[in-house]
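What follows is a single structure, written as structure tokens, with notes after it.
Read-outs throughout are calculated quantities, based only on the coordinates presented, and are distinct from any laboratory measurement. A quick note: this is a predicted structure, and the numbers were derived from the prediction, not measured. Here the Cβ is made from the backbone with ideal geometry for all residues, glycine too, and neighbour counts use every protein chain on show.
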Amino acid sequence: METKSNMPASDYTRALEIGRPPNVATLFPGSRALLVSGKVIDRAMIAKGRAMAIAANARNSFVARGALRAAQRANAALIIEIAKSEGGADAYCDVSLWNMARLVDSICNELGITVPVAIHADHYGLKGPKDVERARQEIPSLFDAGVTSIAIDASHLPDEENLLSNIALSQYVPAWAGYETEVGEIKGSEGLSTVEEALFLIRGLNANGIFPDWIALNNGTTHGIQTEDVGIQVGLTATIHEALKEYKVSGAQHGTSGNNYDRLRSVVRQTRTTKANVATALQMLTWGVKVNEYGNAELDGQGRFIKLPDAGVTEAMWAEMTAYASEKGWKSGDYKKLNRPFENKFLALPREIRERMVQNVEDFVYNLIVNVFNSADTAPLAVETILSAGTYDLGPKGSRIEDPSEWTEEKIRARAGSISHDKGPKGDFDD
């Protein structure tokens, strides 16, 4: 594997000593893997300027391996993540919120990966009071398992409940950890986030001493397979980010698969986005499904995925996968559910097949890092951030601006009454 590094070995050793959060140091005491807070990755992108870290959704272990190899080649700081829907208690992936850190640490040590990597629990979704109560127990267990960053996603709820849920659960997120919040459920061109909604959420959090590293928006994109060329609305994103400027919160871009590279480059250049999620494209690449240059899976005339004969899994395995999906009555959007029942079958494939599964991801991610996201050579910047701080705990970027007395629960509910509650169509928009 081709690697790059302009980082003195002594700096890396020191970063290992002081940069790994307590949960990581306890779980992996002899490790040479630099697993860090999500804050470190965000700050590295800011230090480079107009750069986005790829946040690779590791729906299977081949994605994690390929993304790590790509980041090492590009000398780039990286985020490996899994969403609650993908890897939570009711998951459809074998990689989970509780084993992801162990998987990444193992791969890093095996391959000699020396770039900083954050372990992110993405879209930790909350859809009602029961979810909030369950989260009080579950969130601490994620950090016990090595997670170093989390997205509290209550965007499915009315604005006041979104804010109040974040306030209630922030106490369970370590102060050193990366923190992402979300306004507007990711569902395409309907129910788009507004400046008013974003300011309501961030101002209310600020008043309560909560300073997120990232905010995710519904800015026109969708999870999964893109069916129309609408995608990310860059102007809307830039406008909201500008409105939030004084609160020093970066953007997190969801649903990048299927957006063309010019649009993604515009996100980098014109907004304050430092984190970009890539999920569906990477899954498809491990399987050998034909994707266009932007990572959107291509379908034949009957709406079936096009499997490339010399890429990804074997033809026999693909036939078994499609038969399984057919038996379950799954359409193209449901194929993601194949990850869990087939992970061990993938691992049992011949070495050369497993290698091409990983290589497909590595090449795709490397191109995004170097030619689209502008995040090459951010690994040394992340290490420098740790060394300058002298600790794994970087503290918040922002400070309290808002008056807490104006953001009590009673006043939050009263304020929310003036906000439009048009969230777009109803339905299950989890990825």
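By the count of other C-beta atoms within 10 Å, a proxy for reagent exposure, H254, H241 are ordered fewest to most as H241, H254.
Taking GluC sites (Glu not before Pro) across region 132-220, the ones in a DSSP loop with at most 15 further Cβ atoms lying within 10 angstrom of their Cβ are E190. For region 113-127, 3J(HN,Hα) computed residue by residue from phi via the Karplus equation (6.51, -1.76, 1.60; θ = phi - 60°) reads 6, 10, 8, x, 9, 9, 10, 10, 8, 8, 6, 6, x, 10, 10 Hz, glycine and proline entered as x.
Looking at region 331-388, which trypsin sites (Lys or Arg not before Pro) are DSSP coil and have at most 11 other C-beta atoms within 10 Å of their C-beta?
Taking region 331-388 and a limit of 11 other Cβ atoms within 10 Å, the loop trypsin sites (Lys or Arg not before Pro) found are K331.
In region 200-334, Cα pairs under 8 Å separated by at least six residues give a relative contact order of 19 percent. Anisotropy class assigned to region 260-380 is prolate, per the alpha carbon gyration tensor with a/c at or over the 1.5 cut-off and a/b larger than b/c.
Determine the shape class of the chain: with a ≥ b ≥ c the square roots of the Cα gyration tensor eigenvalues, call it rounded for a/c under 1.5, and otherwise prolate if a/b is greater than b/c, oblate otherwise.
In terms of gyration-tensor shape, oblate.
Only aspartates and glutamates eight or more places from K248 in sequence, or on another chain, were considered; those with a Cα closer than 19 Å are D42, E180, E182, E196, E197, D213, D393, E402, D403. Look at the alpha carbon pairs under 8 Å that are at least 6 residues apart: their mean separation over the length of region 21-380 gives a relative contact order of 22 percent.
Among the GluC sites (Glu not before Pro) within region 239-348, those in coil by DSSP and having at most 14 neighbouring Cβ atoms inside 10 Å are E293, E298. Mean residue ellipticity, 222 nm, helices only, the chain: the sum of -39500 (n - 2.57) across DSSP H runs of n ≥ 4, divided by residue count and rounded to 500, is -13000 deg cm²/dmol. All other residues whose Cβ lies under 11 angstrom from that of I167 are scored, Lys and Arg at +1 and Asp and Glu at -1, for a net of -3.
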